[in-house]
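What follows is a set of notes on a single structure, which appears directly below.
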Amino acid sequence: MIADIQALMDRYTAWLREKITLRKVGEWVEITTPYLDRHNDYLQIYVKDSNGAFVLSDDGYVIEDLRLSGCKLDSRKRQDLLRVTLNGFGVQQNEDALTIKATTENFALRKHSLVQAMLAVNDMFYMAAPTVSSLFFEDVIAWLDENEVRYIPKVKFTGKSGYDHVFDIAIPKSKRQPERILRVMNHPDRDAAQALAFSWIDTKEVRAQDSRAYAILNDTESKPSAAVIDALTNYDVSPVLWSGRNQVREKLVA
């Protein structure tokens, strides 16, 4: 089993190396990653030297794209949720730009954190039009509270590779159930599923052997594709449709 997982990890990192491209843009270096945003465009980040260290930025892309799509982040509740999400990845907000500082030694880890933060913010607020009173993440939290589930929001685990991975919710082990780790997906697509799969594969190596991972999928507007469901299932992540959340209620409450 370990050899199989290692082969999957090696394949994943090889894919990352193959798909990443670099381009000089003024004083910055543009890094095109293999991760797709909701427009099916590759996410890009920008890096420049800063007194022997590095500054990495999304150049304001994620927040500006959400704003142009009708999602404003100016309410107190959304600003608080944005801040908590970014803090989990060690990312700062500089006006509209998401930024993080790195050294030569931790550059790979910090780049990984920035990309994961971009994906998380984009997914969390996508489809959150001004007329919507709550976000999907808040709906999930409200449902857990309603069912008296004991949980810890926004937890960070360091995986076997040394990369940090942020999960939305952790439910501690009980007498009847093992530790349960949840990722909330407002806009579940194949890239988000693969990113979660990598996070879980890397994380489960350092968690209790019986720990379980769940992906809570928003199917309010449309049903997630079979490719998303298969990608999660193949990597031992249990997909849970929001419309069918009560089917796993006992596994989370216990």
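The values are calculated or read from the model by the stated rules, or taken from the named source; none is laboratory data. This one's a predicted model, so the numbers in the text were calculated from it and none came from an experiment. Virtual Cβ from ideal backbone geometry, glycine too; neighbours counted across all protein chains shown.
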Does segment 228-246 contain at least one residue that is part of a loop (DSSP other than H, G, I, E, B) and either touching a Ser or Thr at 6+ places or on another chain (Cβ under 7 Å) or of a type in the set (A, V, I, L, M) (or both)?
no
Candidates ASP65, ASP49 - the one that is under 20 Å from the mean Cα position of the chain (by Cα), among the charged types (D, E, K, R) and not assigned by TED's automatic domain parsing to the domain that holds ALA193:
ASP65
LYS223 among the basic types (Lys, Arg) and modelled with pLDDT under 90
yes
Out of TYR46, TYR35, which single residue is of a type in the set (Phe, Trp, Tyr), surrounded by 13 or more Cβ atoms within 10 Å (Cβ to Cβ) and in contact with a Leu (Cβ under 6 Å, 6 or more places away or on another chain)?
TYR35
Restricting segment 211-245 to residues that are more than 29 Å from TYR12 (Cα to Cα) and out of contact with any Phe, Trp or Tyr (no Cβ under 9 Å at 6 or more places or on another chain), the residue that is surrounded by the fewest Cβ atoms within 10 Å (Cβ to Cβ):
GLU221
